[in-house]
Amino acid sequence: MSKRSPFLISCMAFGFAFLYVPLLLLMIYSFNDSKLVTVWGGFSTRWYGELFQDDQILGAARTSLVIAAMSATLSTILGTICGLVLARFGRFRGRTLFSGMITAPLVMPEVITGLSILLLFVALEQLIGWPEGRGMTTITIAHVTFTMAYVTIIIQSRLGQMDESIEEAAMDLGARPLKVFFLITLPIIAPALLSGWLLSFTLSLDDLVIASFTAGPSSTTLPMVVFSSVRLGVTPKINALATLLVSAAAFCIVIAAIIMRRAERERERAIAKAMAEQEQM
Amino acid sequence: MSTELDPLTGGATVSPAPGAAATVAEQTKADAPPPRPKHRLYRVLFRGPLALRGRGLVIAIPYLWLLLFFLTPFAIVLKISFAEFMVGVPPYTPLVEWVDDTYLKITLAFSGYKYLLEDSMYVNAYLGSLRIAATATVLCLLLGYPMAYGIARSSPSTRNVLLLLVVLPFWTSFLIRVYAWIGILKNNGLLNNALMGLGIINEPIEMLNTEFAIYIGIVYSYLPFMILPLYTTLEKLDGSLLEAAMDLGCRPWKAFLKVTLPLSMPGIVAGCMLVFIPSVGEFVIPDLLGGASTLMIGKVMWNEFFQNRDWPTASAVAIAMLILLVLPIVGFQRYQLVQEEKAREGSK
């Protein structure tokens with residue numbers, strides 16, 4: 001099974017190099033002393049120093065983090081409900097529309113999502129006076145709407161793998177559906193909840209297009225600042241910022257992967273133990 | 001009983017865990033004091049029409065959210081695409097208004113759509129987007145397939161590490177990954193410098209602001225979306241089928257074309273759709289890497305909205321893009337549903 005031809009190996013090597021070399025170069029050149037981004041002028045951390053004195057970038061980073069945390073939390077809650085509905089509720093009237101509205105944002109071009117939700121906010125403001133202007137609230141709502149789909153997919157597939165008989169057993173023993181959900185289902189799918197939250201957090205933190213449409217004058221997010229400065233050319237300060245963002249993401253993902261593997265192993269061990277005990281009886 | 005449990009493969013794969021857990025559940029059922037009469041009642045309460053009130057409430061929350069924030073906006077885009085540009089807040093003419101408080105006046109303007117058909121820029125941008133997205137999808141498949149195949153054939157522990165490596169770039173900023181290529185591809189960039197340093201070329205090749213740069217950007221950004229669905233189908237593939245083909249005298253290449261490739265079709269379709277549909281409307285990649293000369297429809301719409309402030313035309317462009325994409329999107333969803341059902345039947 002683990003036989004791989006030289007062709008496959010070289011394809012994989014090329015593919016992974018393609019994925020990682022640009023990021024590595026970006027990181028290396030963030031320590032470049034020269035202002036010319038492509039000429040090496042010696043090692044230096046001065047761009048990091050300048051980065052932390054740039055109030056515009058710092059302010060935008062704070063805005064982005066707050067929006068990402070709020071929208072990730074809300075979209076995890078809503079996405080979990082959606083995943084539960086799709087995985088456990090069987091058929092109901094309007095299910096096709098429901099699952100359609102969940103998968104469509106996954107592939108919908110961002111410019112369309114952004115424009116349409118902005119026009120909704122404008123229309124709502126005319127109609128009922130809410131939301132008043134645009135800002136962090138409108139960005140958060142827009143982000144929840146498009147990240148929810150990702151959480152739903154993760155939760156739905158996790159619930160699909162999970163054995164329903166555990167839930168049924170709890171119900172047979174007299175637990176009410178809500179209690180079963182909070183005591184049995186939720187702890188089992190907790191790792192999926194974590195990855196759903198992290199994914200929507202990242203997607204929100206990363207989004208330029210939808211945020212540009214729904215942002216107001218006072219709510220500039222980090223990608224918007226990065227985009228406007230990148231348009232003017234490559235600057236070492238952005239390289240430094242990129243290095244920090246990439247390392248933070250890599251760190252979180254590796255940690256999350258380790259935690260999840262450990263939880264998975266523990267669960268397997270518990271099942272194996274229960275099986276062994278049963279056999280002894 | 002113990003043959004069912006295989007702790008080595010239990011984790012990521014689906015198959016053995018339910019069997020094991022079911023026995024645990026059976027055990028608790030057997031130990032429990034008189035559960036039998038309750039059994040039916042609770043099932044009725046949770047699944048039956050009586051429980052519908054609580055159930056309906058649970059469905060209603062996300063349903064209403066999606067209706068309000070995802071579906072209604074499209075109706076509004078459609079409405080505004082029939083308005084006309086006007087200086088003011090909001091910058092378009094009203095469709096429906098009361099004249100003298102007595103009668104309703106409905107004005108439908110088709111100017112937005114007229115632009116689309118008359119100005120060849122829009123038509124070219126649409127065709128260009130489709131062509132660029134299709135080419136990039138094929139390139140993505142050509143690179144992604146061997147990678148997914150190689151990962152699926154690795155040992156389980158390497159497999160997890162490799163998968164993590166595929167997913168990791170997806171978690172880092174999209175904007176920054178596109179930005180990384182600017183420094184590499186530009187005229188005095190790293191690639192040109194390296195090629196000139198090696199003496200392969202004498203003067204820099206224009207790479208940034210070309211279609212080539214857009215292809216690189218799309219393949220680079222969407223590669224994980226191609227690899228993951230491919231990997232999922234390839235991993236489930238029954239190795240003994242290939243062995244059987246080879247035992248019967250099939251050459252490896254032929255076995256691949258006749259067995260592996262057809263069986264991995266679901267992954268190919270899903271991966272291609274996940275790459276093709278969003279890249280048609282891509283804005284960041286053509287804007288940063290493509291320069292002024294390459295037209296893609298997402299960029300045209302962005303400029304219409306942010307530079308010309310022409311909301312009705314931007315809406316018309318969006319509606320036309322939606323019409324163009326609705327077939328692939330619906331087709332993709334149908335396909336996903338069929339695959340899901342197949343998988344469900346297969347596991348039973």
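The values are calculated or read from the model by the stated rules, or taken from the named source; none is laboratory data. Keep in mind it's a predicted model, so treat the numbers as computed, not measured. Counting neighbours? That spans all protein chains shown, and the Cβs are built from the backbone with ideal geometry, glycine included. These accessible areas exclude ligands, DNA and RNA; they are computed on the full protein's heavy atoms, side chains included. Shrake-Rupley method; radii C 1.70, N 1.55, O 1.52, S 1.80 Å.
Tabulated data for the structure shown
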| item | result |
| --- | --- |
| Segment A:62-78 - residue that is within 12 Å of another protein chain (Cβ to nearest Cβ) and open to solvent by 20 Å² or more (accessible area, probe 1.4 Å) and, of those, farthest from residue A:162 (Cα to Cα) | A:74 |
| Counted residues, segment B:168-211 - those being in a helix (DSSP H, G or I) and within 19 Å of residue A:39 (Cα to Cα) | 15 |
| Single unsatisfied condition, residue B:150 versus (1) closer than 29 Å to residue A:250 by Cα; (2) open to solvent by 10 Å² or more (accessible area, probe 1.4 Å) | (2) |
| Residue in segment B:332-346 that is of a type in the set (Lys, Arg), within 11 Å of chain A (Cβ to nearest Cβ) and over 22 Å from residue B:118 (Cβ atoms) present | yes |
| Enumeration of residues in segment A:79-137 that are surrounded by 19 or more Cβ atoms within 10 Å (Cβ to Cβ), under 17 Å from residue A:211 (Cα atoms), polar (S, T, N, Q) and without any contact (Cβ under 8 Å) to a residue 60 or more places away in the chain | A:116 |
| Residue list for segment B:265-307, filter: open to solvent by less than 40 Å² (accessible area, probe 1.4 Å), assigned to a loop (DSSP other than H, G, I, E, B) and either in contact with a His (Cβ under 8 Å, 6 or more places away or on another chain) or in contact (Cβ under 8 Å) with a residue 60 or more places away in the chain (or both) | B:281, B:282, B:290, B:291, B:294, B:296 |
| Search result, residues across segment A:156-172 that are open to solvent by 20 Å² or more (accessible area, probe 1.4 Å), part of a helix (DSSP H, G or I) and either in contact with a Cys (Cβ under 8 Å, 6 or more places away or on another chain) or closer than 17 Å to residue A:271 by Cα (or both) | A:156, A:161, A:164, A:165, A:166 |
| Inter-residue pairs, beta-carbon under 8 Å, first open to solvent by less than 70 Å² (accessible area, probe 1.4 Å) and in segment B:190-216, second acidic (Asp, Glu) and in a loop (DSSP other than H, G, I, E, B), 6+ apart | B:196/B:203 |
| Failed item, numbered, when residue A:7 is tested on (1) at the interface with chain B (Cβ under 9 Å from one of its Cβ atoms); (2) open to solvent by 80 Å² or more (accessible area, probe 1.4 Å); (3) not in a helix (DSSP H, G or I); (4) not basic (Lys, Arg) | (3) |
| Restricting segment B:110-152 to residues that are without any contact (Cβ under 8 Å) to a residue 60 or more places away in the chain and more than 21 Å from the chain's Cα centre (by Cα), the residue that is nearest to residue A:6 (Cα to Cα) | B:150 |
